[in-house]
Amino acid sequence: MAEANWYVVHTYSGYENKVKANIEKTIENRHLEEEILEVRVPMQDVVEVKNGAKKNVQKKMFPGYVLIHMVMNDDTWYVVRNTRGVTGFVGPGSKPVPLTEVEMRPLGIKTENISVDFGEGDMIAVIAGVWKDTVGAVQRMDYGKQTATINVELFGRETPVEISFAEIKKM
């Protein structure tokens, strides 16, 4: 079986979630679970100030685009391309181009799996980055983003900080 890659699909603006739902329904109906693995609409947390009140909201990182993790073949291309609301794949002409690892990193999508020798509750030391030489207990692990959340003391208060697995070692 061919390798699955992440592809970007252009949609009508405002139709991203509808396209995601339509593709997921088609995957279920046509039993393409082995070929189209995941459909994402990347979101980010943003603080909006309205009438003097701060409010955390989620906004689309790329309005008009949907990310799809799939094995590219004639069937999957046809299913995605002919989904209502999809205008086409991102790439030259009609040839879809998969995202590179460098392009996926800021989206929180990791391809290689890292096995770690620590878990929630373990004491760890940060060995690189901004928080180098900081020690703390792991509060939460996110294997998708390959990060661990620890509490550090900042301005006399405990503050949660997310640190990459690559920057941590077990004490």
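The values are calculated or read from the model by the stated rules, or taken from the named source; none is laboratory data. The model shown is predicted, which means the values in this text are computed figures rather than measured ones. For neighbour counting, all protein chains shown are included, and Cβ atoms are generated from backbone atoms with ideal geometry for every residue, glycine included. The area values use the complete protein model at the heavy-atom level, side chains included, leaving out ligands, DNA and RNA. Shrake-Rupley method; radii C 1.70, N 1.55, O 1.52, S 1.80 Å.
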- Message: If Glu153 meets every condition in (1) more than 30 Å from Asn29 (Cβ to Cβ); (2) assigned to a loop (DSSP other than H, G, I, E, B) apart from one, which number is that one?
- Response: (2)
- Item | Whichever residue in segment 128-149 is within 25 Å of the chain's Cα centre (by Cα) and open to solvent by 70 Å² or more (accessible area, probe 1.4 Å) and, among such residues, is modelled with the highest pLDDT | Gln139
- Task: Starting from residues that are surrounded by fewer than 12 Cβ atoms within 10 Å (Cβ to Cβ) and of a type outside the set (D, E, K, R), keep the ones in segment 110-127 and report whichever is modelled with the highest pLDDT.
- Result: Gly121
- Item | Matching residues in segment 46-63 - criterion: being within 20 Å of Asn17 (Cβ to Cβ), free of Cβ contacts under 8 Å to residues at least 12 places away in the same chain and touching an Asp or Glu at 6+ places or on another chain (Cβ under 9 Å) | Asn56
- Can you give me the ranges of the helices (runs of 4 or more DSSP H) entirely in segment 1-117 with at least 3 residues that are more than 27 Å from Met141 (Cα to Cα)? 16-30, 74-81
- Considering (1) in contact (Cβ under 8 Å) with a residue 40 or more places away in the chain; (2) over 18 Å from Glu3 (Cα atoms); (3) surrounded by fewer than 16 Cβ atoms within 10 Å (Cβ to Cβ), say which one Gly85 fails and leave the rest. (3)
- Within segment 156-171, can you find the residues that are assigned to a strand (DSSP E or B), open to solvent by less than 30 Å² (accessible area, probe 1.4 Å) and not β-branched (Val, Ile, Thr)? none
- Task: Scan segment 64-76 residue by residue and report those that are touching a residue at least 40 places away in the same chain (Cβ under 8 Å) and open to solvent by 30 Å² or more (accessible area, probe 1.4 Å).
- Result: Tyr65, His69, Met72, Asn73, Asp75
- All conditions in (1) under 20 Å from Val19 (Cβ atoms); (2) open to solvent by 90 Å² or more (accessible area, probe 1.4 Å) are true of Val79 except (2)
- Out of curiosity, is Leu107 modelled with pLDDT under 75 and closer than 14 Å to Tyr7 by Cα? yes
